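To start, the structure under review is shown below, and the notes come after it.
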Amino acid sequence: MKILDDIWSSVIGNAKVRVNDPFIGTFIASWVVCNWNHLALLLWGEGNASQRISDFHRYLTESNPFELNAVFSIPLILSVFYLFALPWLSLIVNSLQRKANGKLHQQAVDVDLSKVLQQENLNKIKLRSNPDKQFLEQSVQLDIDRKKEILEQTKQRTVRVKAKALEATAKAAEAQSKVNILQLEESKRKKQSELEQQRFRISSAENRSTLASHRFPSAYFFMSLIEESTSQDGIKLSLSATSKIVASIFGYKDFDSLVEDEKFNNTTLSKVKYIFYSPDILAKKLDDVISIEESPDENLTSDLLFDHIRSIFDDLPYKLTTFGDLEEISMEFIENNKYSLLEHESLSGPIAESDTVFEEVNIEEARTSSFENGFNSVIHASASGHHRRESDVAGREISISVEVRSNLQVGKYALGDFTIEKVKAKLNDYYEEDHIES
């Protein structure tokens, strides 16, 4: 009997494993649902057991399992739908419900927040309307002090505006005076004789020659550096090629335009800090130089020339930069001077109105940048701190927009130091800050 018990336990165990399997269990349940009528006739139908079993067997054997019927196809379709499609439908329904529940929760939070703010305003009005409370006198005094401080800031701003207007008027008068002097000199020159005009032309030619003689050493310095660097790799460049490379670096059309530019001299070059380049544009110009040079050296490529240019500028006081490098440098410039922004006149009004002692200035990101007659970037920042009278209470925040610029010094690509051009500030509302914190 122990052997029979073991066999029965093995059969029952295997049956449980098969039934617990996701697909087999689902298929069996689907098959029972689709064939319940035949199972009912098998168990409780008319006739004896042999006849009912014979009818049920004939139903199973005579039905084609590959046709759309309840023997195999329909239970299989129901099983596949239950196992694979139904979970995805449930996931979609749950996602839609979660989004709707989130909006309902946000609506309830907004209603509670509105009630709290209204109750806070009501409490303030009650306190102010009570003559026995000293808070009314203090609140009125605070309002008076705040208005006085804003009025004082407005007066100071008006004085600064008037001073700038007077300075602009003086500069305009000086410029007009210079224009009048130039007009008089032009009138005198027109009245000169042909001999004086000839002498002037000779003097002008001599002057241009003198200026060119002052500018050429600066250009020749870069040409000699390029020639010396390439010669170390055994590459010989002509004087025309090195001059075109120098003109391309500084953004000139050709070397003659560089020599004729009065700004290209040692005095102006001493103000240059960054040399901007676009990889695509510079590579094309270097390819043009190589094609005109027609050097038999196969190693002479635009990449090789660019490597030599970059190595030369590593030892010079100028930094070779791309557009992305200039954005990073402008961000570093504002980061190093961020606390000086609090002293700018555009922040005086918001600071006075905020009743806040500002301690932190956070530089966020560069929103817009452009290169047009120089590099210009608009950087966004924010300032925060604690309440002026209660150090443990957070104060209000100020949103700051800073425009920095690096002006052209020579050619189209040589830039000077970064300077702050404009600063705009906006005091954030209490409701915006509370909403952000929540």
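A cut-off under 12 angstrom between Cβ atoms defines the neighbours of residue 386, and their net charge, with Lys, Arg +1 and Asp, Glu -1, is -3. For the stretch 236-298, averaging the sequence separation of C-alpha pairs within contact (under 8 Å, six or more residues apart) and dividing by the residue count gives a relative contact order of 43 percent. Over all projection directions, the Cα-based convex hull of the stretch 333-396 averages an area of 5.1 nm². Amide H to amide H, with H built 1.01 Å from N, residue 320 comes under 5 Å of 275, counting only residues 5 or more places away or on other chains. Placing pseudo-labels 7 Å out from each Cα toward the beta carbon at residue 344 and residue 428 gives an inter-label distance of 1.8 nm.
The order of the peptides 380-387, 395-402, 58-65 by mean Cβ neighbours within 10 Å, most packed first, is 395-402, 380-387, 58-65.
Using 0.36 nm per residue, how much length does the chain from residue 295 to residue 278 gain when fully extended, once their Cα-Cα distance is taken away? Roughly 3.6 nm would be gained on extension. Between the amide H of residue 388 and those of 356, 357, distances stay under 5 Å, these residues lying 5 or more places away or on another chain, with hydrogens modeled in the peptide plane. Within the stretch 323-438, the proportion of Cα pairs with more than 18 Å between them is 53 percent. The label point for residue 99 and the one for residue 154, both projected 7 Å from the Cα toward the Cβ, are 5.0 nm apart. Pairs spanning more than 20 Å between alpha-carbon atoms, out of 236/285; 164/412; 271/319; 164/338; 338/424: 164/412; 164/338. Taking a Cβ cut-off of under 13 Å around residue 307, the surrounding Lys, Arg, Asp and Glu residues balance to a net charge of -2, with basic ones at +1 and acidic ones at -1.
Once C-alpha pairs closer than 8 Å and six or more residues apart are averaged by separation and normalised to the residue number of the stretch 38-84, the relative contact order reads 20 percent. Put a dot 7 Å past the Cα of residue 328, heading toward its Cβ, do the same for residue 180, and the two dots end up 5.5 nm apart.
Taking a ≥ b ≥ c as the square roots of the Cα gyration tensor eigenvalues, the stretch 276-363 comes out prolate, since a/c reaches at least 1.5 and a/b is larger than b/c. Using C-alpha pairs below 8 Å separated by at least 6 residues, the relative contact order for the stretch 309-400 is 22 percent.
Since every read-out is calculated from the coordinates, none of them should be taken as a lab result. Please read all numbers here as calculations on a predicted model, not as lab measurements. Glycine also receives a Cβ, built like all others from the backbone with ideal geometry; neighbour counts cover every protein chain displayed.
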